[in-house]
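Colleague: The following block contains the structure, expressed as structure tokens.
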Amino acid sequence: MWLLMLPALVPVALFSIGPLLYGIGLAFTDARNTRNHETSFVGLENFGRLLTDGDFWASFRIGAIWSVSVTVLQFLAALGLAVLLNQNLRFRTVARVLAVVPWAMPPVVVGLMWKLVYHPDAGILNSLLGTHINWLADFSLALPAIIVVGIWTGMPQTTVVLLAGLQGIPRELYEAGEVDGASRWRRFWSITLPQLRPVIVSITSLDFVWNINQFGLVYVLTQGGPGGQTRLPMLFAYEEAFRYRMAGYASMLGLAMAIVVLTVLGLYLWRQMRETR
């Protein structure tokens, strides 16, 4: 059995488990991306620095706002779109294909496209509103602006998963509810949502992980600016590793965020499992 699995396990160990263990080990050293630096073990020194780093906690707060907002809002938007695409509409197949277009676009391309949309002089958004707002450079508007982009980018895969879940709900349940005199909203609340619960738990969990680890899209849009207002934790770790050459500290940042994500997901899944019993 193990010999048959070996060809699949070797690449996983080399390209996934190996770098993961190396990164964890690096978090407990003073490693730097410089020449002639002798790396030494420092224990929990990087963790102590993290706890007192105001810039990290600022990025953590921004990352929490970003990930929760994008996850919740893209789920609500995707649920509405999935319900619509599940109806017997004309050109439904074409609409379903168009709905996944943002998913097929690389984050860099999406970022460049939305930079043009938000452009203060030539952007289509300012042209429609008749304004000259620099959306991505305004301290109060930059974060909401990238949240909109995050919702638009992540909504397709959520829609596809929810649509698959909707199509798996037996029609007999709706027919029974209709016979009992339940309204359309009541059928949605009492049949659709309970039947979709396992799908909702799975996709929102994955969306949260993807969103809190977002890097490329936000980097192209704002590079964490203006003034750090959109600097997500992964952007902060990137700057520590490649701008300030603090590889050990950056690895600790990544390890800390992984622990936070696993803790939040664990509590969320535990609560959902208790409610379904």
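Every number in this text was worked out from the coordinates using simple rules, so none of it is lab data. If you're wondering where the values come from, they're calculated on a predicted model, not measured in any experiment. We place every Cβ from the backbone using ideal geometry, glycine too, and count neighbours over all the protein chains shown.
Colleague: Dividing the alpha-carbon radius of gyration of the range 54-245 by 2.2 N^0.38 Å (N being the number of residues), what value is obtained? Before the final figure, lay out the partial values.
Modeller: On the way: Rg = 19.6 Å, N = 192, 2.2 N^0.38 = 16.2 Å.
After normalising by residue count via 2.2 N^0.38 Å, the value is 1.21.
Colleague: Among 205-217, 51-63, 227-239, 121-133, what's the highest-first ranking by average C-beta atoms within 10 angstrom per residue?
Modeller: Details: 205-217: 18.5, 51-63: 15.7, 227-239: 21.3, 121-133: 12.1.
Final packing ranking: 227-239, 205-217, 51-63, 121-133.
Colleague: Right, something else. Relative to 2.2 N^0.38 Å, what does the C-alpha radius of gyration of the range 221-277 come to as a ratio? Two decimals please. Mind showing how you got there, number by number?
Modeller: Details: Rg = 15.8 Å, N = 57, 2.2 N^0.38 = 10.2 Å.
In units of the globular-protein estimate, the range 221-277 measures up at 1.55.
Colleague: Could you list which residues have their amide H under 5 Å from that of residue 225, counting only those 5 or more apart in sequence or on another chain, with H placed in the peptide plane?
Modeller: Placed amide hydrogens put 230 under 5 Å from residue 225.
Colleague: Along the Cα→Cβ direction, 7 angstrom out, place labels at residue 175 and residue 272. What is the inter-label distance in nm?
Modeller: In this crude spin-label approximation the distance works out to 3.1 nm.
Colleague: Can you list, largest first and rounded to whole Å, the semi-axes you get for the range 126-223 by taking the square root of 5 times each eigenvalue of its Cα gyration tensor?
Modeller: That gives 38, 18, 10 Å for the three semi-axes.
Colleague: While we're on this one: Ignoring everything except DSSP H segments at least 4 long, calculate the 222 nm mean residue ellipticity for the chain; use -39,500 (n - 2.57) per segment, divide by total residues, nearest 500.
Modeller: Value at 222 nm, helices only, nearest 500: -21500 deg cm²/dmol.
Colleague: Starting at the first residue of the range 217-230, write each ³J(HN,Hα) from the Karplus equation 6.51 cos²θ - 1.76 cosθ + 1.60 with θ = phi - 60°, in whole Hz, x for Gly and Pro.
Modeller: 4, 5, 5, 5, 6, 9, 6, x, x, x, x, x, 5, 10
Colleague: While we're on this one: Select from the chain the helices, each a whole stretch of DSSP H, whose alpha-carbon atoms run 20 Å or more along the helix axis and whose Kyte-Doolittle mean is at least 0.5; answer none if there are none.
Modeller: The answer, listed by residue number, is 54-85, 142-167, 193-212, 247-276.
Colleague: Obtain the nm distance between the two label points defined at residue 94 and residue 190 by a simple spin-label model: each point lies 7 Å from its Cα along the Cα-to-C-beta direction.
Modeller: It works out to 3.9 nm between the two label points.
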